[in-house]
Structures are given as C-alpha cells and as structure tokens.
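Encoded as structure tokens, the structure appears first; notes follow it.
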Amino acid sequence: NHALCTLSDLKAFERRLTEYIACLQPATGRWRMILIVVSVCTATGAWNWLIDPETQKVSFFTSLWNHPFFTISCITLIGLFFAGIHKRVVAPSIIAARCRTVLAEYNMSCDDTGKLILKPRPHVQ
C-alpha cells in the first residue's frame with residue numbers, strides 16, 4: 001500500500017511539474033522573440049552607427065544623438081537585461097536543472113519537459 005501511495009505521489013509530482021513547465025513555455029517564447037527583435041535592431045543600428053563617416057568626426061554623445069534608432073534600441077536592450085530577460089528566456093531550463101539537483105538525492109532525474117526519470121537503485125552489498 002505504501003508503494004502505491006509513493007507511485008501516485010510521483011505521478012502527481014510529475015504531472016504538476018510538466019504542467020508548470022508547459023505553462024512557462026508561451027511566456028518564454030514571447031521573451032525570446034522580444035530579445036531577438038531588440039538584439040537585431042541594436043545590431044542593425046550599431047552597423048549604421050559604425051559605418052557613418054560622421055561618427056568619427058563628432059563626439060561620442062553627438063554621434064549617439066545622430067543615431068536615435070541605435071541609441072534607443074541599445075538602451076532598451078540594456079534595460080531588458082537589467083529587468084532579468086536573460087533569466088526569463090531560460091526559465092524552464094532553470095527549473096528543470098534545479099529539480100534535477102533535488103531529485104538526484106532520490107536517485108531520480110527529469111527531462112526538460114518535467115518527465116521523471118527513475119534511475120536504477122544502487123546495488124548494496
């Protein structure tokens with residue numbers, strides 16, 4: 001009876017973990033798209049800023065003022081990193097990794113979707 005209770009507990013834990021990780025996926029995808037768009041905008045703006053012959057002739061702040069697209073996208077990118085976007089884009093991986101650390105104590109693991117992996121019991125002599 002105790003083994004059945006443990007098995008149902010494991011199934012409930014697995015179900016909740018996979019559900020939680022699945023719920024994070026849409027938000028993670030949105031954050032990844034935001035990061036990609038802002039990164040591409042920053043890279044494009046940086047390219048235009050660097051190839052502009054006026055950039056070398058004027059002061060740094062004047063060159064930034066002359067390229068508002070680059071300046072705004074760069075500030076936005078820096079702001080996103082200060083807001084923790086680097087953690088939001090990998091949130092499911094962080095949760096799975098932390099679960100693996102805890103589950104290792106019980107000779108178990110989980111994949112990136114939250115499915116439990118039961119490892120063979122160590123042979124005790």
Problem set entry | Residue selected from segment 107-117 under the condition in contact (Cβ under 8 Å) with a residue 60 or more places away in the chain and open to solvent by 50 Å² or more (accessible area, probe 1.4 Å), by the criterion farthest from TRP31 (Cα to Cα) | LYS115
Problem set entry | Where VAL37 falls short, out of the listed (1) surrounded by 11 or more Cβ atoms within 10 Å (Cβ to Cβ); (2) modelled with pLDDT under 95; (3) farther than 15 Å from THR113 by Cα | (2)
Exercise. Conditions: (1) within 30 Å of ARG121 (Cβ to Cβ); (2) surrounded by 11 or more Cβ atoms within 10 Å (Cβ to Cβ). SER8 meets all but one. Number of the miss?
Worked result: (2)
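Out of all the residues in segment 107-118, which are assigned to a loop (DSSP other than H, G, I, E, B) and either modelled with pLDDT under 85 or closer than 16 Å to TYR20 by Cα (or both)?
The initial filter retains those residues of segment 107-118 that are assigned to a loop (DSSP other than H, G, I, E, B), namely 107, 111-115.
ASP111, ASP112, THR113, GLY114, LYS115, listed by residue number.
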Exercise. Which one of these does SER63 not meet: (1) in contact with a Ser or Thr (Cβ under 9 Å, 6 or more places away or on another chain); (2) open to solvent by less than 90 Å² (accessible area, probe 1.4 Å); (3) at pLDDT 95 or above?
Worked result: (3)
Problem set entry | Scope segment 85-106; condition under 20 Å from ALA12 (Cα atoms) and either exposed (fewer than 12 other Cβ atoms within 10 Å of the Cβ) or out of contact with any Leu (no Cβ under 9 Å at 6 or more places or on another chain) (or both); matching residues | ALA97, ARG98, ARG100, THR101, VAL102, ALA104, GLU105, TYR106
Exercise. When you scan segment 59-97, how many residues do you find that are under 25 Å from the mean Cα position of the chain (by Cα) and outside any helix (DSSP H, G or I)?
Worked result: 4
For this session: Inspect all residues belonging to segment 11-34 and state whether any of them is open to solvent by 60 Å² or more (accessible area, probe 1.4 Å), β-branched (Val, Ile, Thr) and either under 29 Å from ILE117 (Cβ atoms) or free of Cβ contacts under 8 Å to residues at least 40 places away in the same chain (or both).
Result: no
Exercise. Which one of the conditions (1) hydroxyl-bearing (Ser, Thr, Tyr); (2) under 28 Å from LEU10 (Cα atoms); (3) crowded, with 16+ Cβ neighbours inside 10 Å does THR42 fail to meet, given that it meets all the rest?
Worked result: (2)
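The values are calculated or read from the model by the stated rules, or taken from the named source; none is laboratory data. Being a predicted model, the structure only gives us computed values, none of them experimental. Please note: Cβ atoms are built from the backbone with ideal geometry, for glycine as well, and neighbour counts cover all protein chains shown. Each accessible area value is taken on the protein alone, full model and side chains, heavy atoms only, with ligands, DNA and RNA left out. Shrake-Rupley method; radii C 1.70, N 1.55, O 1.52, S 1.80 Å.
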